[in-house]
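Only one structure is covered here, and it is reproduced in the block below.
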Amino acid sequence: MISVTDLVYRYPAHLALDGVSFELPRGSISALVGPNGAGKTTLMKCLAGLVRPWRGTVTLAGIDVVASPREAHRHLGFLQDFFGVWSDMTVEHCLVHFARAQQVPQDQIPQRIQQTLALLGLTEKASALSSHLSRGQRQRLAIGQAIVHRPEFLILDEPASGLDPEARIELGRTFLRLRDEGMTLLVSSHILAELDQYADRLLVIQSGKLLQSERLTGVAAKVSPHRDLDIVLSSEAATWADRVAGWETVEAVGESEGVLQLRLRGSDAEQVALLARLISQGAPVLEYRLREDSLQDRYLQLVGGKS
Amino acid sequence: MNLRRLFWDNPELRRNLSLELTAGRLLWTPAFLLVAVGLCFLPDQPVKDLVQIAQWVVVGLWMVGGMVWGGLRAAQSVRSERTERTWDSQRLTAMSAGEFAVGKVFGATAHSLYLQVVLGCFWAVLSFMRFQLDPSETTLRAAVIVPTTLVVGSIALYSLMVAQSFLETDPARSAKSTLFSFGVPLVSAIYLASHFWSDLLIERQGWRAVVGDSKLVSWWGVSLPGPELQLASLLLFLPWAWFGLWRALRRDLQHADFPWAWPAFLVFTGAYVQGFSTAFPGESSRVVPLCMIPLAVLGWGFLLTENIDPMGLRRLVDASGSWRERLRLGIPFSWVTMPLVAAASFVAAGVWWLGDWSDASEFWSLLAGVGLIALRDLILFTWISCRVPLARQGLSRMALLVGIHVFLPVLTMLVSVKFHLVWPYPQDIDEIDGPQMVLVNLGSLGAQALLAWAVLGPSLWRRIREV
């Protein structure tokens, strides 16, 4: 688990982080979003022990990152927004260097290299100079350097910037594979639709303050005591709107162009019961769907509300 | 310390060696050097002369290939990683500061070190040839002293160059500029200083009585010939070069600082210089403040060149009220050095004054005056660092230095006013003696220091609080 408490970081005449606190559970992918200059990169650098916060603590797998940055690095991988790879070294040589640097036992290094190459789809490029790689391949090599020691935590700052759509989709799949292997990821990106694909937590930061830290379920659906449903009826939507308005689990009702819009209080059981009741009473249901806020909607709602 | 991890299993060293020592370089370097040295034997001259010429060529190649080229490689080693944005990835590994230091100093310069090994072999052969022709002790000593001095000097230079990469605040500054403006002058200074002392102590007519005709220099009671003293001096300071690099790396890797490192270095340097005072038996009281020279040079040197970041000062102020945390963050060198200069000056002045009032009436006040000047200049130059835009700081510092240490004294001298009122140096006024002299000699300097702190101190404090 990553635990951050009351983190403060200051630049000249600018408070980059202002008392940020949150916790990230193991095996999760968290999206860190916020406007430019919100403090995302500074927060990530503090988490990685690359800069020393003015105040506050960062604990990673029980290690105080501020007091013992080098120890923490053995459990951590970090891909920065502007990263570099050695152009005069082959892909395999780069990975071997980082495996050695992270003190992976010598006898395990060949296996780790092969696993990492396979995971990132770089096996065929193992002996290529990194200067001969495409932008997406270099990105994957940089991720490989960060994960070759199998860290528990991986922090990625704008990992998809500059990648083509195919490479972005592949990157998202890679993150899900890493999470499935038990890794905890924190990903910063401006491309919210892309974060929708894999993030299960949302951290919103603005002007150095953490506006929201929440868990997302499914694809960006926030945990909430109520849920919004769209029920498409073949006819009489207005009539059915009046009828369901009095039902006890229904909090609000609307109707638009044949679509009955309900706000339901409760969980899956109440949702199932509502559908069963509608059909049993003869409602002409064509389609029945949960209306989800996208991560983008949620972000705009939070940032817009605070700005 | 795990020596195996530090050298044999050092990932950074292995990475650099694989890049630097390519098969082509391993073959072509000795071939090229062999041709260069071989050409020296073509002229039709006595063999003894040809061997001597070849030895000079080897030394020249050693200086250029070993020191200048290697120094450049060392200066570029971290700089290029920062430019190519690979350094932060390296910082995120589990490699220690020691591993990085060895990896950079002996890895990034591996080609130059290989060149030095080859040149060392040539030197050994040439020295053997020369010894056959001229079997003197001088030949034998030169065979050992010259290459050892060059190797030790190179490694000290490499260490300083890598360390300087971490202290460099100007990203546009080239490695060449760093090498020629910092590294070479510093290593040369150590060498030339020891050369100066040995030369001075041996050759000066008045002091020959002290050292006799032995041409040996006395240093803390140990008598050494000049070249050996110079080599010993480099060897004494080499661990400090390594320590400086290790410390710079540790700071870059976000480790705790060593607050005692800088004062310890100053004490060591002072003790080194003070060692030469033992060449003056019976007159040691005259040269007691010899150790003040490096202290003052380093103190004002850093005061003039160090970029004190107001954010760093703010961080020290805000360090949760903990002195341990402040020491861990690292106090600016100037703020360690200059108070040390002042403290040492006052102590030395007190010792002098108590020891022999009449004989030392001039000197003790000079020492105390240096202390007051140090306190005054500390606040003046810190204020410039924090208040003047970075681009104009160099010029401002130089203007202030010339103004208060050259222009003002010359002006007061030209107009023949009572010097002690404006003169930034302590005065010797023969007609005044006793406690009155304390006021006259040091009153002006004390007032200047007090005024500087009273006027600039609050302004500096506001600046620190507002960043």
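The values are calculated or read from the model by the stated rules, or taken from the named source; none is laboratory data. Since this is a predicted model, take the numbers as computed values, not measurements. Cβ sites come from the backbone with ideal geometry, for glycine too, and all protein chains shown count toward neighbours. Just so you know, the surface numbers come from the protein's heavy atoms only, side chains and all, with ligands and any DNA or RNA stripped out. Shrake-Rupley method; radii C 1.70, N 1.55, O 1.52, S 1.80 Å.
So the values come out like this:
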| item | result |
| --- | --- |
| Flag if A:Arg55 is in contact with a strand residue (DSSP E or B) (Cβ under 8 Å, 6 or more places away or on another chain), at pLDDT below 90 and away from chain B (no Cβ under 11 Å) | no |
| Qualifying residue in region B:363-372 (condition: at pLDDT 85 or above and within 23 Å of the chain's Cα centre (by Cα)) | yes |
| Condition broken by A:Ser21, with the remaining ones in (1) within 14 Å of another protein chain (Cβ to nearest Cβ); (2) modelled with pLDDT of 90 or more; (3) surrounded by fewer than 18 Cβ atoms within 10 Å (Cβ to Cβ) satisfied | (1) |
| Hits in region A:69-80 - residues which are more than 9 Å from chain B (Cβ to nearest Cβ) and either part of a strand (DSSP E or B) or open to solvent by less than 40 Å² (accessible area, probe 1.4 Å) (or both) | A:Ala72 |
| Matching residues in region A:87-116 - criterion: being more than 7 Å from chain B (Cβ to nearest Cβ), hydrophobic (A, V, I, L, M, F, W, C), buried (at least 19 other Cβ atoms within 10 Å of the Cβ) and in a helix (DSSP H, G or I) | A:Val91, A:Cys94, A:Leu95, A:Val96, A:Ala99, A:Ile113 |
| Residue satisfying all of: in region B:89-121; open to solvent by 40 Å² or more (accessible area, probe 1.4 Å) and of a type outside the set (Ser, Thr, Tyr); farthest from the other protein chains (Cβ to nearest Cβ) among these | B:Cys121 |
| For A:Gly121: the one exception among (1) at positive phi; (2) at the interface with chain B (Cβ under 10 Å from one of its Cβ atoms) | (2) |
| Only one of B:Leu13, B:Leu17 that is modelled with pLDDT of 95 or more and more than 11 Å from chain A (Cβ to nearest Cβ) | B:Leu17 |
| Residue within region B:229-241 that is touching a strand residue (DSSP E or B) at 6+ places or on another chain (Cβ under 6 Å) and at pLDDT 70 or above present | yes |
| Whichever residue in region A:2-28 is in contact with a Gly (Cβ under 6 Å, 6 or more places away or on another chain) and among the small types (Gly, Ala, Ser) and, among such residues, is farthest from A:Thr59 (Cα to Cα) | A:Ala16 |
| Criterion violated by B:Glu81 - all others in (1) open to solvent by less than 50 Å² (accessible area, probe 1.4 Å); (2) over 24 Å from A:Pro69 (Cα atoms); (3) of a type outside the set (A, V, I, L, M, F, W, C) satisfied | (2) |
| Filtered residues of region B:249-265 (kept if open to solvent by less than 10 Å² (accessible area, probe 1.4 Å) and either more than 26 Å from B:Val78 (Cα to Cα) or at pLDDT below 85 (or both)) | B:Ala261 |
| Counted residues, region A:169-184 - those being part of a helix (DSSP H, G or I) and open to solvent by 70 Å² or more (accessible area, probe 1.4 Å) | 4 |
| Residue match in region B:1-9 (condition: part of a helix (DSSP H, G or I), away from chain A (no Cβ under 14 Å) and more than 27 Å from the chain's Cα centre (by Cα)) | yes |
| Selection count where residues are open to solvent by 10 Å² or more (accessible area, probe 1.4 Å) and either assigned to a strand (DSSP E or B) or among the β-branched types (Val, Ile, Thr) (or both), scope region A:35-64 | 9 |
| Some residue of region A:147-157 being open to solvent by 40 Å² or more (accessible area, probe 1.4 Å) and over 12 Å from the mean Cα position of the chain (by Cα) | yes |
| From the options A:Gly84, A:Gly144, residue that is of a type in the set (Gly, Ala, Ser), part of a loop (DSSP other than H, G, I, E, B), closer than 23 Å to B:Leu19 by Cα and within 14 Å of another protein chain (Cβ to nearest Cβ) | A:Gly84 |
